[in-house]
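The values are calculated or read from the model by the stated rules, or taken from the named source; none is laboratory data. Since we're looking at a predicted model, the values are computed, not measured. Every residue, glycine as well, gets a Cβ built from its backbone with ideal geometry; the counts of neighbours run over all protein chains shown. Only protein heavy atoms, including side chains, enter the accessible area calculation; ligands, DNA and RNA are left aside. Shrake-Rupley method; radii C 1.70, N 1.55, O 1.52, S 1.80 Å.
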Amino acid sequence: MTIAIYPGSFDPITKGHLDVLETGAKIFEKVIIVVAFNSNKTSFLTVEERVNLIKESVKHLDNVEVDSFSGLTVDYARQRNATILLRGLRAVSDFEYEMQLSQTNSALSEDIKTVFLITKPEYNFISSSTVKEIYLNNGDISKFVPQAVSDYLKNKK
Ligand code: ADP
């Protein structure tokens, strides 16, 4: 069974992330989407909030599990017997960083390969940081995030 992990900040999860995940879940037998956190980094939502919102948003996907971790992605992958690291690519601007990350992870663990997926054009421009910006300025984020996220954030205000 090929297990893939999809690590990210997901602060919050967007329709772009979800689209990448849905494609990954069609390709791999199991996908673990993981909130990767660093206790020194400040975030908009807590790890628990992010995990719960992902859980609400992936209920329709049978072969997807949700988790969180702090530390090296390759260590987490090894612990979970995952051999694939899933990442999304939006624009050329993502490429350099993602290539460096992928090559660093390959250098740390030869067994783990990164697979890049591209979203549908309508979700391509979405980022968690623009979603936060729109939300904090009282704009409508419902087009950009799963329903569970917009409902939760509406009630949080
Ligand atoms: P990180 O802090 O690790 O970059 P993010 O939550 O911002 O975490 O993103 C996780 C992954 O999802 C990254 O590979 C990122 O490029 C990808 N991603 C983010 N938004 C989109 C999108 N709209 N379409 C495709 N991939 C995306």
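Would you say Asp75 is farther than 23 Å from Gly16 by Cα and of a type in the set (Asp, Glu)? Spell out the reasoning first.
Details: farther than 23 Å from Gly16 by Cα: yes; of a type in the set (Asp, Glu): yes.
So Asp75 passes the test.
Would you tally the residues in the range 41-72 being under 25 Å from Ile134 (Cα atoms) and either touching a Gly at 6+ places or on another chain (Cβ under 6 Å) or assigned to a loop (DSSP other than H, G, I, E, B) (or both)?
Within the range 41-72, the subset under 25 Å from Ile134 (Cα atoms) is 41-58.
Narrowing the set further to residues that are either touching a Gly at 6+ places or on another chain (Cβ under 6 Å) or assigned to a loop (DSSP other than H, G, I, E, B) (or both) leaves 41-46, 58.
Looking only at that region, the number is 7.
Taking the conditions exactly as written (within 18 Å of the chain's Cα centre (by Cα) and away from the ligand (no atom under 14 Å from the Cβ)), does Gln147 satisfy them or not? Spell out the reasoning first.
On the way: within 18 Å of the chain's Cα centre (by Cα): yes; away from the ligand (no atom under 14 Å from the Cβ): yes.
Yes; evaluated as a whole, the condition is true for this residue.
Restricting the search to the range 1-17, which residues are away from the ligand (no atom under 13 Å from the Cβ) and open to solvent by 30 Å² or more (accessible area, probe 1.4 Å)? If you could, list the steps in order and put the result at the bottom.
Looking only at the range 1-17, we keep the residues that are away from the ligand (no atom under 13 Å from the Cβ), and these are 1-3.
Met1, Thr2 - these are the residues of the range 1-17 that are away from the ligand (no atom under 13 Å from the Cβ) and open to solvent by 30 Å² or more (accessible area, probe 1.4 Å).
Specify the residue that is modelled with the highest pLDDT; the eligible residues are those in the range 124-133 that are assigned to a loop (DSSP other than H, G, I, E, B) and surrounded by fewer than 16 Cβ atoms within 10 Å (Cβ to Cβ).
Here the residue is Ser127.
Regarding the range 55-74, can at least one residue be identified that is touching a Pro at 6+ places or on another chain (Cβ under 6 Å) and either open to solvent by less than 20 Å² (accessible area, probe 1.4 Å) or free of Cβ contacts under 8 Å to residues at least 60 places away in the same chain (or both)? First the steps, then the outcome.
Of all residues in the range 55-74, those touching a Pro at 6+ places or on another chain (Cβ under 6 Å) come to 57, 73.
Still in the running and either open to solvent by less than 20 Å² (accessible area, probe 1.4 Å) or free of Cβ contacts under 8 Å to residues at least 60 places away in the same chain (or both): 57.
Within the range 55-74 (the criterion being touching a Pro at 6+ places or on another chain (Cβ under 6 Å) and either open to solvent by less than 20 Å² (accessible area, probe 1.4 Å) or free of Cβ contacts under 8 Å to residues at least 60 places away in the same chain (or both)), the answer is yes, since at least one residue qualifies.
Counting just the residues of the range 86-123 that are surrounded by 15 or more Cβ atoms within 10 Å (Cβ to Cβ) and part of a loop (DSSP other than H, G, I, E, B), which one comes out farthest from the ligand (Cβ to nearest atom)?
Filtering the range 86-123 for residues that are surrounded by 15 or more Cβ atoms within 10 Å (Cβ to Cβ) and part of a loop (DSSP other than H, G, I, E, B), the one farthest from the ligand (Cβ to nearest atom) comes out as Ser109.
Counting just the residues of the range 18-40 that are part of a helix (DSSP H, G or I), of a type outside the set (Ser, Thr, Tyr) and over 18 Å from Tyr152 (Cα atoms), which one comes out most open to solvent (accessible area, probe 1.4 Å)? Break it down stepwise before answering.
Narrowing the range 18-40 to residues part of a helix (DSSP H, G or I): 18-27.
Add one more test, that the residue is of a type outside the set (Ser, Thr, Tyr), and what stays is 18-22, 24-27.
Restricting the remaining residues to those that are over 18 Å from Tyr152 (Cα atoms) gives 19-22, 24-27.
Working: Asp19: 11, Val20: 6, Leu21: 0, Glu22: 55, Gly24: 0, Ala25: 15, Lys26: 174, Ile27: 97 Å².
Across the range 18-40, the extreme among qualifying residues is Lys26.
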